[in-house]
Amino acid sequence: MMRTQFALIQREFWEHRSIYVTPIVIGLVISLMSITGQVSISASEHVDTAILGMSNVSEEARATTVSVMMLVVFILFALAAAVLTIFYSLDSLYAERKDKSILFWRSVPVTDFETVLSKLLVALIVIPLVTFGAVMVTHLLVGVIMSIWLAIRGGDAWHLIWEAAPLAGNWTAMLAMLLGSALWLSPFVGWFLLVSGYSKRSPILLAFLPIIVLPLLERSFLGTQLLGNAIFVRSAQNPIFKDADTLSYMFKDDDLHSLAESGISLVSILDIGRFLGSPGLWLGLIVCGLFTTAAIYVRRYRDES
């Protein structure tokens with residue numbers, strides 16, 4: 001079973017190159033933007049003063065500053081991973097019927113359950129892991145670029161960046177955010193896989209139309225918002241975060257000093273225990289399982305023509 005899943009996941013990499021091409025492109029763009037940014041900043045007459053000022057602040061303040069920069073890079077990757085997951089889930093079962101490759105794969109001794117499971121694992125596990133790997137490499141590249149720039153300007157890169165950067169803690173938190181968000185939003189992934197297996201054309205329209213229209217109809221005719229809360233509130237409120245506002249505070253200059261003095265870290269804003277103990281997580285996984293089971297059934301009996 002494990003060997004079969006490994007082979008099927010390899011197949012997904014062959015057929016959906018965007019899984020690894022997207023994070024690579026984003027990493028290269030961010031690295032190039034970092035180089036461009038250093039060049040433009042060098043033209044300012046206040047650069048040396050700023051470097052001297054940063055050299056004299058506390059280690060907590062430097063750690064917070066580096067964490068904010070790391071978080072900015074991470075958010076870009078996380079948004080791209082969310083979009084990538086949506087389009088991958090909607091295309092994974094639809095594409096094989098569209099290009100008739102399903103006829104070949106059905107001749108291979110692999111069950112529909114194993115095939116759909118591999119696509120679910122790619123959406124929930126593989127894409128976050130590939131994204132996380134790209135985040136780590138990009139952080140290191142940007143750090144090296146900044147170190148070279150600081151060395152040219154006469155700054156101590158080790159003191160300003162590497163000595164203060166909580167790399168292990170930040171990376172642990174970012175990995176937890178990626179995997180936790182994927183699991184929390186797993187009902188949507190299951191729904192997208194079902195639509196991908198059923199739709200004859202335009203799976204995007206078929207997937208999002210009910211998500212938008214049904215809550216509006218429920219509110220108009222029944223006066224309730226059960227579907228709206230299940231869809232939209234779930235998308236915005238992930239229990240893995242202790243306080244959803246903490247991330248926004250880290251981008252406000254007025255609050256950066258207080259955050260630095262309190263020694264806040266990305267790990268400290270997460271509550272893994274509450275997340276794993278949340279009924280919403282397990283109910284969501286059950287809903288995802290039901291949608292995935294329906295997708296397996298649809299793939300098995302859907303007329304591929």
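The values are calculated or read from the model by the stated rules, or taken from the named source; none is laboratory data. As the structure is a computational prediction, the values presented were derived from the model and not from experiment. Note: ideal-geometry Cβ built from the backbone for every residue, glycine included; neighbour counts use all protein chains shown.
Below are the figures for this structure:
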| read-out | value |
| --- | --- |
| Cross-chain or 6+ apart pairs with Cβ under 9 Å, the range 211-240 first and under 22 Å from Phe275 (Cα atoms), then part of a helix (DSSP H, G or I) and of a type in the set (Ser, Thr, Tyr) | Asn238/Ser181; Ile240/Ser181 |
| Extreme residue, nearest to Phe188 (Cα to Cα), among residues of the range 208-261 that are of a type in the set (Val, Ile, Thr) and at pLDDT below 80 | Ile231 |
| Residue within the range 55-77 that is modelled with pLDDT under 90, at negative phi and not in a helix (DSSP H, G or I) present | yes |
| Qualifying residue in the range 269-281 (condition: farther than 20 Å from Ala173 by Cβ and modelled with pLDDT of 80 or more) | yes |
| Identity of the residue in the range 105-119, surrounded by fewer than 18 Cβ atoms within 10 Å (Cβ to Cβ) and of a type in the set (Ser, Thr, Tyr), that ends up nearest to the chain's Cα centre (by Cα) | Thr111 |
| Test: residue in the range 153-160 that is under 28 Å from Val21 (Cβ atoms) and not in a loop (DSSP other than H, G, I, E, B) | no |
| Residue among Val135, Val122, Val83 that is modelled with pLDDT of 90 or more, crowded, with 17+ Cβ neighbours inside 10 Å and within 25 Å of Ser196 (Cβ to Cβ) | Val122 |
| Condition met for Leu140 (under 20 Å from Arg62 (Cα atoms) and at pLDDT 90 or above) | yes |
| Looking only at the range 86-105, and only at residues there that are under 12 Å from Lys119 (Cα atoms) and among the polar types (S, T, N, Q), the one that is modelled with the lowest pLDDT | Ser92 |
| Qualifying residues in the range 92-141 (those that are touching a Pro at 6+ places or on another chain (Cβ under 7 Å) and of a type in the set (Ser, Thr, Tyr)) - the one farthest from Val21 (Cα to Cα) | Tyr94 |
| Single unsatisfied condition, Ala43 versus (1) under 28 Å from Ser235 (Cα atoms); (2) hydrophobic (A, V, I, L, M, F, W, C); (3) at pLDDT below 95 | (1) |
| Test: residue in the range 189-202 that is in contact (Cβ under 8 Å) with a residue 24 or more places away in the chain, more than 26 Å from Val126 (Cα to Cα) and assigned to a loop (DSSP other than H, G, I, E, B) | no |
| Any hit, the range 207-224, residues being exposed (fewer than 14 other Cβ atoms within 10 Å of the Cβ), out of contact with any Lys or Arg (no Cβ under 7 Å at 6 or more places or on another chain), β-branched (Val, Ile, Thr) and not in a helix (DSSP H, G or I) | yes |
